[in-house]
Amino acid sequence: MTRRRLPEWFVLLLPAIVVIAAVVLIPLIFSLYSSFTPYKLTRPSTLWRWVGTYNYEKILTDAKFWAAFGRTVLFLTVVLNLELLLGLGIALLMNRVTWGQRTLRTILMFPMMFSPILVGFQFKFIFNDNIGLVNNVLQSLGSDAALPWLVDGRLAMFSIMFAEIWMSTSVFAILILAGLFAMPRDPLEAAKVDGCTPWQTFRHITLPFLMPFIYIAMTIRSLDVARAYDIVQIMTGGGPARRTELLWTLMSRTGYVDARMGLANAMGYVSILLSILFTIYFFRKLSAARAEIGMAG
Amino acid sequence: MTEVNLANVTKDYGSVRAVHGIDLGIGDGEFVVLVGPSGCGKSTTLRMIAGLESISGGEITIGGRLVNDLPPRERNISMVFQNYALYPHMTVRENLGFSLRIAKADAAAIRTAVRDAADILGLNELLDRKPAELSGGQRQRVAMGRAIVRHPDVFLFDEPLSNLDAKLRTQMRVEIKKLHQRVGNTIIYVTHDQVEAMTLADRIVLMRDGHIVQVGTPLDLFNAPVSTFVATFIGSPPMNLIDGTATDDDTIRLANGLVVPVPASARGLLQAEQKVQFGFRADNLMPAGHAVQEDGEMAELDLTVTLTEPLGTETLLFTDVAGTEVQAKMLNPRPVRPGETLKFHLMLDKCHVFDAISSQAIRS
Ligand SMILES: Nc1ncnc2c1ncn2[C@@H]1O[C@H](COP(=O)(O)OP(=O)(O)O)[C@@H](O)[C@H]1O
Ligand SMILES: [Mg+2]
């Protein structure tokens with residue numbers, strides 16, 4: 001009797017396969033499966049009831065879900081664009097600094113070193129309507145209205161965006177700064193000789209060169225912001241009255257507070273579509289921009 | 001009319017002075033080449049003219065207008081850079097038309113100008129390519145095309161050929177010269193290659209350590225170098241220099257006791273016992289029977305050949321005069337074996353004498 005031996009490459013890859021299966025594949029399959037059941041954490045037996053696409057149909061007609069979806073898209077759009085503008089501005093300024101630039105770069109990274117939870121607490125305090133820093137400053141400047149920063153829906157959304165931007169603008173700044181460092185100097189000088197004003201040089205030469213770096217930052221940040229959870233949870237908990245509810249706070253509420261895990265997982269799969277679409281979009285833009293400046297590949 | 005004038009122009013980088021008070025007048029339509037060893041301040045000077053470096057002292061005028069504080073875009077110059085400096089995200093067509101687009105020329109005018117430049121430089125097939133899809137020589141052409149579309153007052157070239165292989169370099173050199181004959185603009189051209197300088201220039205400006213050493217036509221510099229530096233920098237092979245001492249009867253005693261007459265141009269200018277360097281070019285030391293026929297004073301030397309470099313129409317012979325290795329030239333060459341001793345003619349009228357301490361030429 002001959003023992004069949006596994007091929008060597010397979011044996012060598014086996015540990016990796018096992019680990020990936022354990023941490024990625026199985027949870028993925030499990031969560032996908034559970035999104036087709038009415039699985040409730042409090043009643044494990046519900047895991048074995050197949051309800052087909054019931055959860056997905058429910059989501060499609062759920063106004064709360066679509067409100068959170070829309071709010072997340074809005075949040076993404078505003079935050080990414082502002083971070084881009086601020087990050088670009090900071091990087092351009094930093095690029096002109098000749099003295100102490102390393103120190104400045106390190107300082108720039110500080111916000112990224114804090115846990116988002118702590119950033120949430122910090123801004124929860126800063127924007128608190130009674131004891132918060134902002135209102136105190138406003139009052140000492142003579143305004144007597146205590147603005148309800150975290151209570152009014154619009155203001156609360158603004159406050160959360162502010163915290164998110166404060167924490168992560170440096171991602172853009174650092175990546176764009178890397179682009180500026182890599183930028184060849186000759187074309188800039190050629191443009192000056194060709195008659196460009198500083199603004200025209202930036203617009204026609206610098207910016208096209210930075211676009212790939214900007215799209216990389218966009219991709220990273222869009223994935224990051226699309227799963228925004230901690231800051232929102234700490235600052236407003238998605239409230240008041242769900243007016244700052246984003247996809248992930250809604251999902252965690254559905255899954256853990258309402259204990260409807262099957263539904264929450266279905267929401268997860270729908271919202272991942274959002275991230276995938278953003279990623280595809282930015283990757284397309286990225287390779288177009290790379291081809292544009294001759295970095296094709 | 002576009003003259004360029006530099007008056008006492010200096011450039012300091014921090015406490016280091018890179019250019020020491022240069023005075024230079026360049027005439028309308030003149031082709032001037034700044035040449036010198038690497039690091040002597042050629043690019044810095046050119047970039048100050050372009051407006052890419054600030055001017056630490058002195059004045060630069062272009063067409064009579066003081067430009068010290070004008071940005072490059074207001075100087076009406078074009079520049080061709082060593083690394084081409086093409087815009088990587090634009091096609092050749094866009095590269096060529098960019099300056100006109102910035103100047104808000106209308107589309108038809110841009111098309112015509114781009115087509116004309118492309119015709120002159122043979123770029124018609126390449127107009128829709130990006131710089132990454134071009135060879136070095138083609139990029140160089142585009143860089144030149146970009147400089148000429150705008151009809152600037154002055155062209156500035158900073159070592160435009162140094163990234164090309166030898167053959168292409170020779171070819172492009174000819175094209176640049178043709179271009180100048182065709183458009184007739186003032187050109188200031190920087191290179192470290194004396195061959196480029198000799199072949200292209202109406203006038204050469206030889207620089208060293210931030211100073212101008214000599215200004216003149218290529219033949220001026222070749223025939224009447226003001227110092228040993230010029231004598232060895234210009235011309236290939238470099239001028240042979242032999243240590244010697246002046247005597248009081250119009251001769252120079254070379255290191256090993258060999259005595260040669262003082263060349264006519266330096267006669268009467270030497271003091272007895274003055275330490276000198278005696279210089280002559282390979283073209284002026286030739287084996288008897290293989291030399292150009294010339295009248296004038298000659299010295300006859302018997303020399304042993306140590307090495308030969310056949311070049312076809314001539315052969316360079318390495319030999320030894322008074323303990324110094326020198327190069328001689330053999331016309332209509334026949335094979336020569338190392339170790340062979342030949343009778344050489346040294347054309348004294350073409351020899352030079354330099355002061356050994358100051359290295360300056362002694363010439364009436
Ligand atoms: N940006 C700079 N900062 C400091 N020193 C410089 C700078 N650019 C050039 N130099 C110095 O100035 C001198 C002249 O340089 P350059 O004009 O580039 O020489 P080259 O004749 O080779 O073109 C060199 O000694 C160089 O080290
Ligand atoms: Mg240089």
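Pull out a ≥ b ≥ c, the square roots of the eigenvalues of the alpha-carbon gyration tensor of chain B, then state rounded if a/c is under 1.5, prolate if not and a/b is larger than b/c, and oblate in the remaining case.
It comes out prolate by the Cα gyration axes.
Can you list residues whose amide H is under 5 Å from A:Leu150's amide H, if they're 5+ apart or on another chain and H is modeled 1.01 Å from N?
Answer set, sorted by chain and number: A:Asp129.
Over what distance in Å are the Cα centres of segment B:3-26 and segment A:251-275 separated?
72
Between segment A:81-110 and segment A:1-61, how many Å separate their Cα centres?
That distance is 45 Å.
Nearest 500 deg cm²/dmol is fine: what mean residue ellipticity at 222 nm does chain B get from its DSSP H runs of n ≥ 4 alone, each adding -39,500 (n - 2.57), divided by its residue count?
Helix-only estimate at 222 nm: -7000 deg cm²/dmol.
State the percentage of accessible surface on segment B:192-290 attributable to carbon and sulfur atoms; use a 1.4 Å probe and exclude ligands, DNA and RNA. Present the calculation step by step, with values, prior to reporting the outcome.
Working: 1990 of 3920 Å².
After summing per-atom areas, the C and S share lands at 51 percent.
Using a 7 Å offset from the Cα along the Cα-to-Cβ direction at both A:Phe202 and A:Asp258, what is the distance between the two label points in nm, to one decimal?
Distance between label points: 4.8 nm.
For A:Gln101 and B:His211, what is the calculated FRET efficiency with R₀ set at 35 Å and r taken between the beta-carbons, to the nearest 0.05?
Efficiency, from the Cβ-Cβ distance: 0.50.
Check B:Val80: other-chain or 5+ apart residues with amide H under 5 Å from its amide H, H built from backbone geometry?
B:Leu156, B:Phe157, B:Asp158
In the protein assembly as shown, if the dipole is taken from +1 on Lys/Arg beta carbons and -1 on Asp/Glu beta carbons about the Cα centre, which of A:Ala156, B:Leu96, B:Leu24 is farthest to the positive end?
Result: A:Ala156, furthest along the dipole toward the positive end.
Give the aspartates and glutamates whose C-alpha is closer than 17 Å to that of B:Lys167, dropping any in the same chain fewer than 8 places away, or say none.
Leaving aside aspartates and glutamates fewer than 8 places away in the same chain, those within reach of B:Lys167 are B:Glu159, B:Glu175, B:Asp193, B:Glu196.
Between rounded, prolate and oblate, where does segment A:62-292 land on the alpha carbon gyration tensor, with a ≥ b ≥ c its root eigenvalues, rounded for a/c under 1.5, else prolate if a/b exceeds b/c?
oblate
Considering only protein heavy atoms and a probe of 1.4 Å, how much of the accessible area of segment A:62-292 is carbon and sulfur, as a whole percent? Can you show the working numbers first?
Working: 7570 of 11200 Å².
Percent of accessible area from carbon and sulfur atoms in segment A:62-292: 68.
Once you sort the root eigenvalues of the Cα gyration tensor of the protein assembly as shown as a ≥ b ≥ c, which label holds: rounded (a/c under 1.5), prolate (a/b larger than b/c) or oblate (the other case)? Walk me through the numbers before you get to the answer.
Working: a/c = 3.12, a/b = 2.43, b/c = 1.28.
Here the protein assembly as shown falls in the prolate category.
Over segment B:240-355, what is the mean sequence separation of C-alpha contacts under 8 Å (at least six apart), divided by residue count, expressed as relative contact order in percent?
Normalised by residue count, the contact order of segment B:240-355 is 33 percent.
So what is the calculated 222 nm ellipticity per residue for chain A, using -39500 (n - 2.57) for each DSSP H run with n of 4 or more, over all residues, to the nearest 500 deg cm²/dmol?
-22000 deg cm²/dmol
Based on the mean of other Cβ atoms within 10 Å per residue, sort peptides B:342-355, A:69-82 so the most packed one is first.
B:342-355, A:69-82
Taking amide H atoms as placed 1.01 Å from N in the peptide plane, list the residues 5 or more away in sequence, or in a different chain, whose amide H sits under 5 Å from that of B:Arg363.
Under 5 Å from the amide H of B:Arg363 lies no amide H from a residue far enough along the sequence or on another chain.
Please work out the Cα center distance from segment B:147-163 to segment B:104-144, rounded to the nearest Å.
14
Using the Karplus equation 6.51 cos²θ - 1.76 cosθ + 1.60 (θ = phi - 60°), what ³J(HN,Hα) coupling, rounded to whole Hz, does each residue of segment A:273-288 give in order, writing x for Gly and Pro?
Calculated HN-Hα couplings, in order: 3, 4, 4, 4, 4, 4, 4, 4, 4, 5, 5, 4, 4, 4, 5, 5 Hz.
What angle do you read, to the nearest 10 degrees and between 0 and 90, between the alpha-carbon axis of helix B:92-102 and the longest principal axis of chain B?
70
Only bridges whose two residues both fall in chain B count here: according to DSSP, what percent of them are antiparallel, nearest 5?
75
Enumerate the calculated ³J(HN,Hα) couplings along segment B:29-39 in order (Karplus 6.51 cos²θ - 1.76 cosθ + 1.60, θ = phi - 60°), each rounded to whole Hz, writing x wherever the residue is Gly or Pro.
Each residue's phi maps through the Karplus curve to give x, 7, 9, 10, 10, 8, 10, x, x, 4, x Hz.
Need one value for B:79-87: mean number of C-beta atoms belonging to other chains within 10 Å of its residues' C-beta atoms.
Partner-chain Cβ atoms within 10 Å, mean over residues of B:79-87: 5.
Expressed as a rounded percentage, what relative contact order does segment B:190-266 have, with Cα pairs under 8 Å and six or more residues apart?
15
Once phi is turned into ³J(HN,Hα) by the Karplus curve 6.51 cos²θ - 1.76 cosθ + 1.60 with θ = phi - 60°, what whole-Hz value does each residue of segment B:150-156 show in order, with x for glycine and proline?
Karplus-based 3J(HN,Hα) across segment B:150-156 equals 8, 6, x, 6, 9, 9, 10 Hz.
Rounded to the nearest 100 Å², what is the buried accessible area between B and A, both sides summed, probe 1.4 Å?
1900
Could you report chain A's accessible area per residue, 1.4 Å probe, as an integer in Å²?
56
Taking GluC sites (Glu not before Pro) that fall in a DSSP loop and have at most 15 other Cβ atoms within 10 Å as cut points, what is the longest piece of chain B between them?
Details: sites that count: B:Glu273, B:Glu294, B:Glu297, B:Glu340.
The reported range is B:1-272.
I'd like the antiparallel share, as a percent to the nearest 5, of DSSP beta bridges with both residues in the protein assembly as shown. Before the final figure, lay out each step's value.
On the way: 60 of 78 bridges.
Percent antiparallel among DSSP bridges in the protein assembly as shown is about 75.
The values are calculated or read from the model by the stated rules, or taken from the named source; none is laboratory data. Computed from a predicted structure; not experimentally measured. Note that each Cβ is placed from the backbone with ideal geometry, even for glycine, and that neighbours are counted across all protein chains shown. Keep in mind that these areas ignore ligands, DNA and RNA; they rest on the heavy atoms of the full protein, side chains included. Shrake-Rupley method; radii C 1.70, N 1.55, O 1.52, S 1.80 Å.
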